[in-house]
Structures are given as structure tokens and as C-alpha cells.
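The values are calculated or read from the model by the stated rules, or taken from the named source; none is laboratory data. Every value quoted in this text rests on a predicted model; they were computed, and no experiment measured them. Note: ideal-geometry Cβ built from the backbone for every residue, glycine included; neighbour counts use all protein chains shown.
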Protein chains: 2
Amino acid sequence: MTTLKTWVSVPKDSDFSIYNLPYGIFSLDENTLKVGMAIGKQIVDLSAVADLGLLEVNSFYFRQSTLNEFIGLGKELTNKVRLDVQRLLVLENSPLKNHPEVFIAQREVRMHLPVRIGDYTDFYSSIEHATNVGKMYRDPENALLSNWRHIPVGYHGRASSVVVSGTSIHRPMGQVKQKDASEPTFKASESLDFELEMGFVIGKNTKLGERISTKNAGEHIFGLVLFNDWSARDIQKWEYVPLGPFLGKSFGSSMSPWIVTIEALEPFKVSGPSQQPEVLSYLKCDGNQNYDIQLEVGMAPKDSNETVISTSNFKYMYWNMIQQLAHHTVNGCNVNVGDVMASGTISGKDEKSYGSLLEISWGGKKPFEMKDGSTRTFIEDYDTITMRGFAEKKGVRVGFGEVSGTILPSV
Amino acid sequence: MTTLKTWVSVPKDSDFSIYNLPYGIFSLDENTLKVGMAIGKQIVDLSAVADLGLLEVNSFYFRQSTLNEFIGLGKELTNKVRLDVQRLLVLENSPLKNHPEVFIAQREVRMHLPVRIGDYTDFYSSIEHATNVGKMYRDPENALLSNWRHIPVGYHGRASSVVVSGTSIHRPMGQVKQKDASEPTFKASESLDFELEMGFVIGKNTKLGERISTKNAGEHIFGLVLFNDWSARDIQKWEYVPLGPFLGKSFGSSMSPWIVTIEALEPFKVSGPSQQPEVLSYLKCDGNQNYDIQLEVGMAPKDSNETVISTSNFKYMYWNMIQQLAHHTVNGCNVNVGDVMASGTISGKDEKSYGSLLEISWGGKKPFEMKDGSTRTFIEDYDTITMRGFAEKKGVRVGFGEVSGTILPSV
């Protein structure tokens, strides 16, 4: 990595270093949404930079309420914009030094969902998570289903209810069948959970019938976000056989506002777990395809300090994004710019790295203690869940900020 | 029903009678998509009618590539447009008589997907279909799963791959685990199927956290279409446990181009099957909520005559659309204009009314004969599947036209 030094003030532990420069959608007032790039504690207003004639992209693409139009320009241009801004933030004689209006403090803006999500897919790609779930709900001796090591198992999720970090979510009501009850009842979920995930955003369309190979998959990935796949375990349990999760998930999913480009994450690639048995040839891929991204989950009761309840890493994933995308399109299913594909819960081997309360409290059987002395098995009303993630290597840090959400009582 | 007589020539058996007037998107050339209304063998170009100052909606809403903007105006306006056009087509001194340019022959246009589908949901609401599947794959004595009579079971489908009638679809490739094989193989699906369904289009948004009651659900339904949920049974079988159908469905789903408004279908409401045990109160609804819509499926080998292989009726559905929508939103999941919710396979009690080849050929065990002497269990390359549907009562016919699609060899 070339060492880069920016003239913009960036705190040493900032996720938004000069090496990162993620894209997001911000607004200063209700009606004006624009494309910005995070640097330190500030945002570069890209429409203002374009208006100065310093970018090869017309400012029209930055005066948008989502990134879809900009991403749709293609990687050649979007990468160039990122590198051009990087150069402008490094250059001693940068023309931006005379244009302080280009910089806006992050604390002054509201962040929005960065993309218009056509379709949202959720995978189930952590072997530790799938094994833990299998142990709890099925056969502890035979926890993994027979298809799991052959297929990056996934399902279609609800796109309409994906919200940006900071959006509160009401505890869902739904049908639940309690143990030993003969009939279901309608009630507020009593086992509300989070799932620590990462999601990737599609950067290039395909047509129906077209297939993305593992070799080309990288061209179709624009960048990554943190993703919280809120889950109501009791609702999910009663509904999910045989057609999968539905209302146990669709009451809300949260994503972080800044999309970190796949190019910014390139230095943090690492090898993934060995895959046994060997995967089918359309799922084989060369080189390191996992990413060393440190993750943590904090839980804070109302007006109280946060307790970090999970410390995981994206590199644990058994199935990588390249494989997920090759699998998703192997039947000819088309993808569109802005589609989001989430990883599934990211759990590690260690109990401290479990990415859901289902695993942390082992199905509600093992309550755990919070800093304020209260205990939890699942999420209580007014609890706030915050997920953070960053990659770091040789003093270079590229991070995601956070995805945070508070659970409000049911309506 | 008031008897209406139009001065436009409408064949006696036309689906598009003066009582129907469905909305669709048509084009005469590649670049100009517009909103039209079907009458007999013609289309009323609504942008032209609006330009004449005869509608209360600005022609901007009719110069669109989807109906979303128009539907978003709300039922008060969209219903008024339909009734105003109806009046113009009945009126002896209609100003449209002097404007032949308003009418375009259906055979001269290309029809397009009528809505931009944000989310597509597929239900599983025919008790006969669910029972048949349960008999084949699970326990013949206990075919229905325990949740089925309590929940209108459904799952999120893939919105990007929903296409308009007339679009050919390639046979999907995918992972299949053959009987007695120890490992899966990658191959073209050998049990490609259709599912005879109807879908409804959402006409009014809700916000996240909001619930639609069975009482208000009707306000959120704009209209109905015919829907073919193409299914690759072998791919589906290997992938669907535990998270539901994925690549076995997402290679393509087809819908008819004309959206028949729920108001046009009002005269054809009938009672549904008795629901036992009693449903939870949020699923209870008053009055007749099923619709007597006669359905048929034709199958035609390449360059050969069609054989009608199924004759079913939408009135058989155990769960109605009102219940599906109330269930879908009971957890606070938001819906948007243009979302499509399909019924699931519409099978009746009689074998002749089975709505999928899985049932008709009983899992491939009972080949059936076609008019040309060939036999089928599942779909072969170049077979065309065409679904038709109409309601008829006292000489009044309101129909859907057709949804048709040809299966091409795998890529």
C-alpha cells in the first residue's frame, strides 16, 4: 500500500481514513438528498466538487436520493471519482483548500438508505452459525443439513423494510405457538434477536438468463455495509416450515449508511476456511476471497451504558461473496444495481464470537449479564443494538462506522 | 349490474368488455411506453384521452413506463378515470368518436410489465395443492403441516425476474441431488413445472410498523393478474430446507400484461371454503372474499396444437387476498404500490383442476398424453404454457387475457 497523507484532519482511529472514502446519501434539510463521501468526521459533498469541474462525472449523478444512478455509471467511472477525490484530499496545492463549502460535518447531517434496493437476499454462510442452529433445533450429532456444504444456502428477504442505521423498529406482533400449546396465539414477539451480518451491494446489472462466474463476480460487487437482520425467533419458528423465514424477519432489517467499496477492502483479503467436500466447479474460485474485518456488537439498555456482547470477524465465513453471487445467478436469475445480498449471521468458533442472541443465550437457556447488572436472553424494549466493523493492517484502517437500532414496544 | 352498451366493436367472448377496462403498459416503438386500457381488440391510449382534456388526471401519468405513478394517485382518481373512460365509450355523442387516433389495435403493440415491482411475495393458499404436495413429499396420512390452517403461509420471491407474458425463459441449470446419489451434480433441470396462480398488485403504500386490517385490505389492492410461478422441482427439492424456495423459482416468473381492477371483479365475489379451525381474529373477515374466476392452462409443443391440461377456479382458494394482506403486514412489514402478491398454485379437488405438473403427473409418475400423441410429465424444451382466466355472470364477462411463456433450452 502506498502511504497516503491527507491535509484534512482525520482522527487516528477513524473508520473513514484517506484509504477508505466510502459513499453515502446525506441531507442537511428534509428535501435535499445528495451523494457524499466520508473522510474523518466530515463529508465531501460530491455535487459541490463536481460543480467545481474537478470530477469526470456530472453533478446530476450526485444530486440524487440514492446511489443507484451513480453506481450504474460503472466501476471505471466510480473508481475514478474515488481516486480523484483521494488525490484532491492528498494534494498539497489542492483546489479544495479554497472551497470549505465542499466539506460538511457528519454530525450536522442526516444519513439515508444509500441505495434503492430492488431485491434483498440473505444467505446463511457461517458454518459455526448453521451448526449452532442445527444443534439447538435439530440433531446435535448431525447439526448441518446435507445440502449445507454444497450450496451457499440463501433466501429472498423483504426489500421494502430495509432501513438505514438509526431507524427505530417496533417489536413485531405475530402468530406464535408456545410449547405444549395446542393452538397458536397472537402476541408480541418474546424472543426478539439481532443477526450480525455484512451485506454487499450489486454494482452491475445482468440480464435474465445470464450467469455470473466466480471469475467475474468481483465486477458486480460495488461495496459492503454492516447489516442487522433483526429476527423474531418465536414467529420464525412457527411459520418457517416449509417455505422459509417470512414475518419473523420482514418487520425490519438495518444497514449502515456508508458503502465501503470493494476496492478499498482489497488489502484486507485473506483465505477462507477449507471447503470439504470439494465444491462443484461453478463454485470454485481462485485466490483469497475472504476479508479480515473485525466486528463487534454492543447492546445498551435505555439510558445505560453499552455492553459489548459479541466480537466476531467476517473472515470466518465458510461461503464467500464470490460464491454467493455465482450461485445466485447460476439459474439465470438477474441482478440489478442496488440489490443487497447479506451474509447471514457471522459467528466464529468461540462463544464470544457468536453473532446472534439465539446462540449467545443458547435459545434463551443461558441468560447473560449486562454492565448495568440487568440480564438478557433476548432483546427488551428500548434496548439499542449497535454493530461496528473495520479492517486494519499496518496502521491503515478502513471501517464501516456503525449500524444501530433501538427496539420500541409493539404497536 | 347496470347494462352497459359501448359503441366500440367488442367481440361477444372478449375478456375486455366494457365492464372490465383493465390497465396496462404498451408501446408502438421501443422508446415510447404509455398507459393504456383494453377494450375488445383495441387499446385506449389514455395519454391521448387526457390530452383532449377528458380526464381529471394529467397526461404525464400516462406517459410512463410503468403504472406505479398512476396507481400512486389513489383509488379515488384511478377509479374515476376508469369510470370516465367507460362513460366515454358508452356515450352516444362521445367526443372520442371524432378521435380515432385514441384507439390502437392490440395486435400492433408490444405489452410490457405493467408495474415496477418493489417486492414480490408468493403464498401457498390452496389447501388442495398443499395437501397434494404433502402427500407426495411427506406423510400421505398427515399431508398438511400443523401451521397451514392457521397461517396463510408465504415466502418472499425474487422481484427482478418477474417478466411479462410472451417472454421466453431458459430452462435453468442448478444443483440437483439425484435419488441414491451421494453427491449433488450440476445440470439442467429435468422437472421443470408451471404453477397456475393469480397475483394482486398493491395500490396503496403503508409505512413500516403499520398494519393493514382485513377491513381495510381492499383499499390496498389495485387489481389482479394471471401469474405463472415457473418452478424447477429438482433444484427446489435439494435447496429448500430450511430456508425455502430460492433458485428453483428465481429463474423467472410470468405475469399477464393487463391489471384487472378489483372494482371490475366486484360482481364475481363468492364465499370461500369454510376455515376450520377458526382463524385468529386478525385473520377474520366479513362477507364474500373469494372470486369466481375460471382458469385454464394450455400446453403446446413446438409447432403443434395446444392441449388444455388444467381447468381450475380462483374461488377454490382456502386463504383469500384480504387475509394474505392482513397477515403479511401484521408484523409491521410495509407494502408499496406495485408490489405483487401471488396466490400460490390454484388447485381444486378434481384431478383435472390441478394447477401444476407436479400434481398432474403426480411427481412424474403418471405421464399424460398430449393432442399430438406425445406424452409429458414435466415441461420439455420449446413447450409453451398459456394460462387464461375470466369471470362471467349473466352475460357479463371480465377476463384477464393470458399469460404465456415458452421454455427454451438451458444456456
B:Asp381 versus (1) under 15 Å from B:Trp230 (Cα atoms); (2) without any contact (Cβ under 8 Å) to a residue 24 or more places away in the chain: which is the lone unmet condition?
(2)
Regarding A:Val337, is this residue among the hydrophobic types (A, V, I, L, M, F, W, C), touching a strand residue (DSSP E or B) at 6+ places or on another chain (Cβ under 7 Å) and under 22 Å from A:Asp292 (Cβ atoms)?
no
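Going by the conditions given, is A:Tyr282 touching a residue at least 60 places away in the same chain (Cβ under 8 Å), in contact with a Phe, Trp or Tyr (Cβ under 9 Å, 6 or more places away or on another chain) and aromatic (Phe, Trp, Tyr)?
Yes.
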Restricting attention to region A:87-130, and to residues there that are of a type in the set (S, T, N, Q) and within 22 Å of the chain's Cα centre (by Cα), which single residue is nearest to A:Thr329 (Cα to Cα)?
A:Thr121
Condition first: assigned to a loop (DSSP other than H, G, I, E, B) and either without any contact (Cβ under 8 Å) to a residue 24 or more places away in the chain or closer than 14 Å to B:Ile322 by Cβ (or both). Now tell me which residues in region B:258-275 satisfy that.
B:Ile262, B:Leu265, B:Ser271, B:Gly272, B:Ser274, B:Gln275
Boolean, A:Gly252 is without any contact (Cβ under 8 Å) to a residue 40 or more places away in the chain, assigned by TED's automatic domain parsing to the domain that holds A:Lys187 and not hydroxyl-bearing (Ser, Thr, Tyr):
no
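Tally time: how many residues in region B:84-113 are closer than 26 Å to B:Ser310 by Cα and away from chain A (no Cβ under 14 Å)?
1
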Filter result for A:Ala38 (surrounded by 17 or more Cβ atoms within 10 Å (Cβ to Cβ) and farther than 21 Å from A:Gly401 by Cβ)
no
Could you list, in sequence order, the residues of region A:158-182 that are modelled with pLDDT of 95 or more and either of a type in the set (D, E, K, R) or more than 26 Å from A:Thr377 (Cβ to Cβ) (or both)?
A:Arg158, A:Ala159, A:Ser160, A:Val162, A:Val164, A:Arg171, A:Lys177
Selection within region B:275-319 - among the small types (Gly, Ala, Ser) and under 17 Å from B:Tyr124 (Cα atoms):
B:Ser312
Somewhere in region B:257-266, is a residue surrounded by fewer than 19 Cβ atoms within 10 Å (Cβ to Cβ) and not acidic (Asp, Glu)?
no
Within region A:179-206, restricting to residues that are within 13 Å of another protein chain (Cβ to nearest Cβ) and free of Cβ contacts under 8 Å to residues at least 40 places away in the same chain, the one that is nearest to A:Glu402 (Cα to Cα) is A:Lys187
Give region B:226-244 a look and list any residue that's surrounded by 24 or more Cβ atoms within 10 Å (Cβ to Cβ) and touching a helix residue (DSSP H, G or I) at 6+ places or on another chain (Cβ under 9 Å), or say none.
B:Ser231
Go through region A:248-272 and give me each residue that's at the interface with chain B (Cβ under 10 Å from one of its Cβ atoms) and of a type in the set (Asp, Glu).
none
Identify, please: which residue in region B:134-178 is among the basic types (Lys, Arg) and outside any helix (DSSP H, G or I) and is, among those, nearest to the other protein chains (Cβ to nearest Cβ)?
B:Arg158
Take B:Glu195 and tell me if it is closer than 26 Å to B:Ser146 by Cα and at pLDDT 95 or above.
yes
Filter region A:211-247 down to residues that are part of a loop (DSSP other than H, G, I, E, B) and more than 11 Å from chain B (Cβ to nearest Cβ), then give me how many there are.
6
Selected residue (criterion: nearest to A:Ala391 (Cα to Cα)) from residues of region A:1-45 that are of a type in the set (Val, Ile, Thr) and assigned to a strand (DSSP E or B):
A:Ile39
What's the number of the only condition in (1) under 30 Å from A:Val10 (Cβ atoms); (2) in a loop (DSSP other than H, G, I, E, B) that A:Met387 fails to meet?
(2)
Selection from region A:189-214 of residues that are of a type outside the set (Phe, Trp, Tyr), closer than 30 Å to A:Lys365 by Cα and surrounded by 19 or more Cβ atoms within 10 Å (Cβ to Cβ)
A:Ser189, A:Ser191, A:Leu192, A:Asp193, A:Glu195, A:Leu196, A:Glu197, A:Met198, A:Gly199
When only residues in region A:345-384 that are among the hydroxyl-bearing types (Ser, Thr, Tyr) and part of a loop (DSSP other than H, G, I, E, B) count, which is surrounded by the fewest Cβ atoms within 10 Å (Cβ to Cβ)?
A:Ser374
